Amino acid sequence: MSTPGAAMHEVVIASRSEVGARSRNEDCLTHGTTASGWYAVLADGAGGHRDGAVASELVVRVAARGLQTRAAREALQPQALGQIVQDAHDALNREQEGLRGHQRMHATLVLLWIDAGHRHALWSHVGDSRLYLLRRGRVERVTRDDSAVQRMVDAGLLTPEQAGEHPSRHQLIAALGSDEPIEPHLGDGALVLNDGDAFLLCSDGWYEPLAVADIEATLARSPTADAWLAAMEQLVRQRQQPSQDNFSAIAVWVGNPAEITRFGAP
């Protein structure tokens, strides 16, 4: 993917979305470039009167269009990304106006914006699809799940390892398409980028079979963003359970993590 601004490190984006053991894929993702930066958007849909795939496609389309439109006329701020997520929520609710309970469609949403001119990243999310940053080969989880088990972890009732096996780990407390107001999560401010940073946006079907060490180790031996996704996908398939969910991810490389982001790099 070409560089919008000469002052910015090269940014390369790769993606994968797989059906797993399910009959259809209800994940959706997109990514692209504008004159001022790069964007990546990922959603995981669920249920409703039609199909979770309808929900995820709609919110990804609305969010991507919002990023493109706003980036064309202004330097994006964190609050703008939160409004884009809110707009996607409102669009999904208009699609299912008058429906209640199990008739309603829901979706998670996580989005990343990389500003070429300011050399920083912004993000927002709702639900349990995640954004990770790998800096010098080490995972820094950026998002925190809107889930019942995450609240138990925050309260000290569960360890992160226990949360990964808990029977309620898929119970969300916030999602797009709910009939309750949402509060999109935002970073405290812009994240200044380092050459060699790597971002990973992914659905729960992607990250649940993987340990943090897997994400780090596959990056360490991968020469490209696509190779990194391929290595992680191979692990997910090796560990696939009979009920394996759809699994999807977007890798965003700033500069060349294959050269810079290494264990023990100075």
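Every number here is computed from the coordinates shown, using simple stated rules; none is lab data. Keep in mind the model is a prediction, meaning the values are calculated, not measured. Please note: Cβ atoms are built from the backbone with ideal geometry, for glycine as well, and neighbour counts cover all protein chains shown.
What is the stretch 155-244 by shape, rounded, prolate or oblate, if you read a ≥ b ≥ c off the alpha carbon gyration tensor as root eigenvalues and call it rounded for a/c under 1.5, prolate for a/b larger than b/c, and oblate otherwise? It comes out oblate by the Cα gyration axes.
Relative protection proxy for 58-66, 173-181, from highest mean packing down: 58-66, 173-181 (other beta-carbon atoms within 10 angstrom). The relative contact order of the chain, computed from alpha carbon pairs under 8 Å that lie at least 6 residues apart in sequence, is 26 percent.
The ranking of H185, H102 by Cβ neighbour count inside 10 Å, starting from the fewest, reads H102, H185. In the chain, which longest range has no GluC sites (Glu not before Pro) that are both DSSP loop (not H, G, I, E or B) and surrounded by at most 12 other Cβ atoms within 10 Å? That gives 166-266 as the longest site-free run. Placing +1 on the Cβ of every Lys and Arg and -1 on the Cβ of every Asp and Glu, with nothing else charged, gives the chain a dipole about its Cα centre of roughly 300 debye. Neighbours of T33, meaning other residues whose beta-carbon lies under 14 angstrom from its beta-carbon, give a summed charge of -2 when Lys and Arg score +1 and Asp and Glu score -1.
Give, as a single signed number, the net charge of other residues whose beta carbon lies under 14 Å from the beta carbon of G45, with Lys and Arg counted +1 and Asp and Glu -1. Neighbour charge sum, excluding G45 itself: -4.
If I take R0 = 22 Å and measure r between the Cβ atoms of D90 and D51 in this structure, what FRET efficiency does the formula 1/(1 + (r/R0)^6) give, to the nearest 0.05? According to the calculation, E is roughly 0.65. Counted by Cβ distance under 15 Å from V149, the other residues give a net charge of -3, where Lys and Arg count +1 and Asp and Glu count -1. With an a/c value of 1.5 or above and a/b not larger than b/c for the gyration tensor axes a ≥ b ≥ c computed over the alpha-carbon atoms, the chain is described as oblate.
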